[in-house]
Amino acid sequence: MVAGDNTVIENIEFSGAKVPDRNGAGIRIDKGNVVVRNCVFHHNENGILGGAYGRILIEHSEFYDNGYGDGQSHNIYITSGAAEFTLRYSASRRARVGRLVKSRAAVNYILYNRLTQEDGSGSYEIDLPNGGLGYVIGNVLQQGDTTQNRGMLSYGFEGLQTSVPNQLFVVNNTFVSTRAAGATFIQAAAGVPLPPVVRNNIFSGNGSFTLPATAQMAGNVNSGDMGFLNPAQYDYRISHLSAALNAGVDPGTGAGFALRPVMQYLHPLCAVPRYDVGPMDAGAFEYGVIEASPVCAGPPQPPPPSPAPELSALTASSAKVASGGPVALTVALSAPAPSGGTAVSLSSSAPGLIAVPQSIVVPAGSQTATLPLAAGLAAAETRVLISASLGRNTSQTTVTVAPASGQPVLANLAGVVRSPLQVRPGADFTLSVQLQQAAPPAGVLVRLRAFSAAVKLPSSVVIPAGASSAKVAGTVDASAPAGSVAIEVASANSINVSLPIRAVR
């Protein structure tokens with residue numbers, strides 16, 4: 001039993017745990033933060049059970065043949081109250097009737113694992129019954145004819161979390177079903193308020209989905225020859241003939257977390273850095289990745305250093321914009337930004353018309369960053385030169401600001417709505433500015449001010465004629481501390497809103 005504040009458990013084999021209540025566990029977690037590394041759990045009633053509060057990290061560990069056989073005990077079962085659960089670089093297989101992974105934690109990171117039923121009698125490969133933030137990235141999930149039911153990934157069917165947003169992100173996984181009766185690859189409860197994001201996955205075999213119509217699906221492959229190297233041994237790396245080759249799309253971010261996979265599982269219980277070999281492949285493995293510098297048991301090691309990225313381009317969303325109108329700047333790098341991100345310096349020849357911050361940060365793992373702005377009010381058509389620089393490289397673009405057809409007026413604001421409710425450092429957010437009535441022909445001028453340099457917003461926006469609202473995009477610096485930042489939105493009257501910034505964990 002673990003009941004300490006911070007516990008690390010390494011290099012131990014757990015087997016034979018049984019109790020009269022039929023829920024004996026190799027490790028039972030009562031409370032506290034726990035790290036389990038390089039351990040093996042087999043032939044217990046539960047491999048790991050518990051997690052009343054705190055954060056749990058399991059890595060480089062193996063689970064097999066756990067479960068009493070009644071469906072109430074599992075290879076891994078993280079109970080309600082846990083703040084965060086991470087499973088990475090591990091293998092869970094052949095559960096006895098129960099789940100390979102079940103977690104009721106508020107936030108779940110299931111990253112780069114091998115989750116295979118093989119000839120076992122288990123049920124779901126992953127079950128997140130209370131929803132929460134679920135990041136399922138870079139995993140292999142497999143089931144065959146001996147599994148108890150057709151579900152592979154289940155989300156939100158036993159009541160949703162109240163402490164965090166409820167959204168599921170399923171990115172670059174390989175789902176394989178050889179079950180003759182077919183599988184349900186992903187099923188999400190109908191009451192989940194935010195759309196599931198399902199991108200760049202391989203779905204192999206006869207299967208279906210139970211997802212809301214709003215689910216965001218792109219880059220997935222579910223037909224054609226998958227070109228698996230050795231499926232009989234559960235080796236689902238792909239060959240150069242696979243239908244998944246070059247099929248992926250940029251997965252973007254989810255609630256402030258980068259969804260692009262940075263590792264891929266290497267059997268047994270290791271991982272290697274993943275990088276694009278040409279256009280991104282779908283599935284848990286990128287064809288052509290050199291499996292060097294593996295991350296294996298021991299303290300997590302960073303990927304090998306890559307050459308420092310260089311500035312490759314600065315572009316504007318439009319070459320000409322009306323006074324008060326929106327314009328976005330995008331900086332592009334020659335390679336993904338390293339850990340901590342890459343800061344690109346910015347300058348404007350006319351800050352009164354297009355004001356830019358001193359720099360924009362390209363997040364770690366990304367090659368681009370976009371900065372939403374709003375043009376100021378120009379008395380005459382004016383050409384603004386905007387420059388970006390990184391090291392010895394400089395890139396420039398021009399935006400012409402045209403005078404508005406009529407001078408925007410001030411009007412009464414009805415309200416301001418922010419989205420999301422909380423934002424992480426380095427993430428974007430939007431403010432929906434609402435008027436009490438539709439804007440007149442010249443539009444309505446709204447000014448914005450954040451009471452922290454870490455929050456970037458355009459200085460003003462014009463709500464066009466006939467519209468009663470407008471959305472304003474902002475961003476929070478990656479180095480922003482946790483806390484709450486006040487934002488003033490003003491026209492004929494002013495409204496203050498609070499932007500909670502949640503610390504990155």
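Tabulated data for the structure shown
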quantity	calculated
Equivalent ellipsoid dimensions for the range 6-273 as semi-axes, Å, which come from the Cα gyration tensor, largest first	27, 21, 18
Orientation-averaged projected area, Cα convex hull of the chain (nm²)	24.6 nm²
Alpha-carbon centroid distance for the pair the range 142-170 / the range 439-505, whole angstrom	37 Å
S318 paired with A232, simple spin-label distance in nm, labels 7 Å along Cα-to-beta-carbon	6.2 nm
Sorted by Cβ neighbour density within 10 Å, fewest at the top, the residues H43, H74, H240	H240, H43, H74
Reachable lysines from K471, criterion Cα separation under 24 angstrom, eight or more residues apart if same chain	K320, K456
Ranked list, fewest to most other Cβ atoms within 10 Å of each Cβ, for F257, F85	F257, F85
Percent RCO, i.e. relative contact order, over the range 27-91, from Cα pairs under 8 Å lying at least 6 residues apart	37 percent
Relative contact order of the chain, pairs being alpha-carbon contacts under 8 Å that are 6 or more residues apart, as %	7 percent
The range 6-273: antiparallel DSSP beta bridges as a percent of all, rounded to 5	10 percent
Spatially proximal aspartates and glutamates relative to K31 (Cα-Cα < 15 Å; intrachain offsets below 8 disregarded)	D5, E84
Footprinting exposure proxy for E381, E488 (fewest neighbouring C-beta atoms within 10 Å first)	E381, E488
Translational diffusion coefficient (Stokes-Einstein; Kirkwood radius from C-alpha pairs) of the range 413-501 at 10 °C, 1.306 mPa s, in µm²/s	120 µm²/s
Antiparallel bridge percentage (DSSP; both residues within the chain; nearest 5)	45 percent
Percent RCO, i.e. relative contact order, over the range 311-402, from Cα pairs under 8 Å lying at least 6 residues apart	37 percent
Note, ³J(HN,Hα) from phi for the range 343-348, Karplus 6.51, -1.76, 1.60, rounded to Hz, x at Gly and Pro	8, 10, 6, 10, 8, 10
Charge dipole (debye, nearest 20) of the chain; +1 at Cβ of Lys and Arg, -1 at Cβ of Asp and Glu	1000 debye
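Values in this text are rule-based calculations from the coordinates and carry no lab data. Fair warning: this is a prediction, and the values are worked out from it, not measured in the lab. Cβ atoms come from the backbone with ideal geometry, glycine included; neighbour counts cover every protein chain shown.
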